[in-house]
Amino acid sequence: MRNKRAVIVQCRLSSSRLPGKALLELGGKPVLAWVLNTMKKVPAAKYYVATDHDSYDLLLPICKENGFECFAGDLDDVLKRFCDLIKKIKVTTIVRATADNPFLFYEAAISSLEEFEEKQKSKKKCAYLTFTGLPHGSGVEIMDADELLAAAEQTDNPYDHEHVGPALYNHKENFNCEFVKAPARFRNPDLRTTIDTYSDYLRAISIVNYLGLPKGKKWVPYTTEQILDACKADYVQNPLVFVPSVTKGQGTGHLHRCLACAIKTKGFIYIPKDSSLAEVPALVSEYMEKGLCQNQIIHELPDETYSPVIVTDCFKMTKEQAQLYGNCKKLISIDEGSEYTQYCDYLLDIIPSYDCQRLPNSFDTSYIQKPLNVRKEISKNIENVLICIGGEDPAGLTVPAARALAKVLPGAKITAIVSNVQKYKDIVHINFIEPVENLREKICEYDLVVSHYGLTAFEAAFAGCAVIMLASTKLHELLAQKYEFAFIPQGKLDAQRMQLALESPNLYPKMSLSTQQKSLGDFITQLSSSKRLYCPVCRTQSSKPDPIISRNAGRTYRRCQNCSMVYMSFTAEEEKQYKKTYFFEDYKKQYGRTYEEDFEHIKKQCERRIQIIKSFEQTGGAKNYLDIGCAYGPSLAAAAEQKLNPFGTDISEDAINYVKNQLHFPACCSAFPNMDSEKEFGISKFDYVSMWYVIEHFKDLDSVLSKISQLVKDGGIFAFATPSGEGVSARSDLHKFYLNSPTDHFSIWEPHRAHKILSRYGFEVVKIVSTGHHPERFPSIKKSNAQKDSLRWNLIDKYSRIMQLGDTVEIYCRKKGGK
Ligand SMILES: [Zn+2]
């Protein structure tokens, strides 16, 4: 059988979406070489690339190198091309692969080939077989050569002729075609490995970067497991694209930082083809020597089919940039100074912020790359001075600074870094030089560095140099002051001011900033696997970003502009799993005692809540009460004592077993809202439904509230308890409140805005009970240190209750309709 098999790889270079894709470079090899190298693993008598006449010469060397022969045939009638080749080489079975699939599963190909040949032995001859459910781009087709020739004879449908398989499987009445569900280890229909578009190509680069580059002419193809592992890896799924400023006049600091990060993270760097920064090619080659790969530099962003995590380091985004990047998978911005930061999922400030008004997620100077070469001691005399204003020096400060320095330090050697030395050739006494490679490590050679507010000034300070900042704006003056640098105010640059600056006690900055060195690349890698979330009620992304409520190191919170819910819009924290440990270890960590120990206490609370629920009762008779997230059943026990019929559901199997076996109440384990109450309890609508401290845990509140709306009878009551976004903690220190909010609370309810949300689901708020009153959290108690039960304490406690300033809230609402 084997000597009649042929592997035929179909290839042409005239793709409209991605021209010449078979020749694109992937890990140092053309894409076609990947396909051929992999298909060589499938045992066959003949190995052919079937192409058109125009592509033949370009493909031939790659075919030869990989042990394939090359056949040129019709360009558009691919079916004819195949048939001509089959007639020429006289084989019985065809394994067809295409040249845009570098990550074929050769094991699946062999296995489908064997299955095909097995079927050939039966009475009804198999004409075509393929595995279904493989990643898009990892599969092959097996065909019977004679049947394909016959099929080609029988069809003049243009579609059949542009392709190969359809001539058979679109004519199942004449040909026996089998679409076989692939064995489980190959099945991953949601993944994509083919290269059809530029975005696919970037994904392919990521896969190769993740798995490692091939070594040698003949290399071992990736296994199925390797390819699947890569496709599912964070690195491949969340491609990082750094966007540095490459604009003339903004210096090279941004590009330096991004290039270094790209090496560390193996991410892409987006540099538009029309970048106006002259230093780009030189800097890129400098970093290539340090390990950057050419294919990490991209001139086009991937589209939504391979949406990237954008990391901007571009000084100030334009509105268009902010909108474009904000629409990507995630937007992380470093030292972002524009007014469009609401588009950013995460804001990282490394250099103390330009804009002191807006809050970053984190501010950490440990990410400033500190120079390794530092001065051993402070020099007594300033003899060697560097002026480095960066970029194009748009304010023209270099020459005035040099002149002022020459006056006050007559003997000193003055060096100035400028981007165009020629421009200054008439000025003597100053040594003008072009931008210096790796200045950071050379800066310690200078006794004094004169710079503007920016990275160089900080690096010089870390290197132990004297530093004078030239402020080009009022804000820079404030920042220079804040971080205790000697500086010359805006527009005041002369010899007298220079002398004053030299006498400043801050000439050697004390650097209250962190001297610790953290890796920015590692941090960005960590952040790239974080999650962006949308309003749990509305579930969509608006064209305008929702306003920011609070940012902290792990999370970002926004207010939905449609329904006004405050929600977690970004989280870098690990997802919590509600296993058995949740009610034991986690609960104990949070509340200092186990859930079971707390049972009686919680039950008492539930008794009070159920009394409130019952107070809305309009008719008598036994009432059915469902508690969602019932845990070990304290609310069910309280309900039973108050003559209700309790039912419970919870995600924890252990808790449900306890409720059923120890408390003997009907209960079911479910991941709400996936629960069929009719099936579980024989009840489709309840008089009362409750959720005690559960509602904030759902990322998809819409389906939860819709389901609850279905479960509550018209006129029935839905009640829930949750932390309050309007309590004293939130009011006295909003950011601290959100920082302390548990990482698995996705929505924060503000009682006064609850009505708007609940009415969408047919509920009308009938009562709000402010709970969790803590006088000790009020500023006046904190300040006066008043003791419990003192007059002030009791007054504050009363005030908290009247003003509904408790840190938790119970909301009771009635299902509209009916009576
Ligand atoms: Zn919303």
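Brief remarks follow.
- Helices (runs of 4 or more DSSP H) within segment 199-271 that include 1 or more residues closer than 18 Å to residue 522 by Cβ and open to solvent by 10 Å² or more (accessible area, probe 1.4 Å): 234-237, 253-265
Conditions (1) more than 25 Å from residue 793 (Cα to Cα); (2) open to solvent by 20 Å² or more (accessible area, probe 1.4 Å), marked per residue:
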residue: 742; (1), (2): yes, yes
residue: 747; (1), (2): yes, no
residue: 754; (1), (2): yes, no
residue: 757; (1), (2): yes, no
residue: 763; (1), (2): yes, no
residue: 767; (1), (2): yes, yes
residue: 775; (1), (2): no, no
residue: 779; (1), (2): no, yes
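- Restricting segment 117-167 to residues that are surrounded by 23 or more Cβ atoms within 10 Å (Cβ to Cβ) and β-branched (Val, Ile, Thr), the residue that is nearest to the chain's Cα centre (by Cα) is 140.
- Search result, residues across segment 697-731 that are within 28 Å of the chain's Cα centre (by Cα) and part of a loop (DSSP other than H, G, I, E, B): 698, 699, 700, 725
- Entry remark, segment 470-492: residues being surrounded by 16 or more Cβ atoms within 10 Å (Cβ to Cβ), modelled with pLDDT under 90 and outside any helix (DSSP H, G or I) number 4 in total.
- Scan of segment 712-731 for residues that are open to solvent by 10 Å² or more (accessible area, probe 1.4 Å) and farther than 16 Å from residue 801 by Cα, ordered by number: 713, 714, 715
- Some residue of segment 451-469 being at pLDDT 85 or above, in contact with a Ser or Thr (Cβ under 7 Å, 6 or more places away or on another chain) and surrounded by fewer than 18 Cβ atoms within 10 Å (Cβ to Cβ): no
- Hey, residue 625 of a type in the set (Phe, Trp, Tyr) and surrounded by fewer than 23 Cβ atoms within 10 Å (Cβ to Cβ) or not: no
- The set of residues in segment 457-496 being closer than 15 Å to residue 398 by Cα and charged (D, E, K, R) consists of 492, 494.
- If you check 175, 186 for being among the aromatic types (Phe, Trp, Tyr), in contact with a Leu (Cβ under 8 Å, 6 or more places away or on another chain), over 30 Å from residue 267 (Cα atoms) and open to solvent by less than 50 Å² (accessible area, probe 1.4 Å), only one passes: 175.
- For segment 1-37, the candidate set comprises residues that are of a type in the set (A, V, I, L, M) and part of a loop (DSSP other than H, G, I, E, B); within that set, the residue that is modelled with the lowest pLDDT is 1.
- Matching entry among 493, 527 (being among the aliphatic types (A, V, I, L, M) and under 30 Å from residue 468 (Cβ atoms)): 493
- Scan of segment 743-771 for residues that are small (Gly, Ala, Ser), touching a Leu at 6+ places or on another chain (Cβ under 7 Å) and within 16 Å of the ligand (Cβ to nearest atom), ordered by number: 747
- The set of residues from segment 686-701 being acidic (Asp, Glu) and surrounded by 20 or more Cβ atoms within 10 Å (Cβ to Cβ) comprises 687, 696.
- Hey, residue 683 assigned to a loop (DSSP other than H, G, I, E, B) and either β-branched (Val, Ile, Thr) or open to solvent by less than 40 Å² (accessible area, probe 1.4 Å) (or both) or not: yes
- Residue list for segment 662-673, filter: exposed (fewer than 15 other Cβ atoms within 10 Å of the Cβ) and either at pLDDT 95 or above or in a loop (DSSP other than H, G, I, E, B) (or both): 664
- Selection from segment 503-542 of residues that are at pLDDT below 90, among the β-branched types (Val, Ile, Thr) and within 22 Å of residue 349 (Cβ to Cβ): 515
The values are calculated or read from the model by the stated rules, or taken from the named source; none is laboratory data. The shown structure was predicted, so the numbers you read here are calculated from the model rather than taken from an experiment. Neighbour counts are summed over all protein chains in view; Cβ atoms, including those assigned to glycine, are modelled from backbone coordinates with ideal geometry. When the accessible area is computed, the model is the full protein with side chains, heavy atoms only, and any ligands, DNA or RNA have been set aside. Shrake-Rupley method; radii C 1.70, N 1.55, O 1.52, S 1.80 Å.
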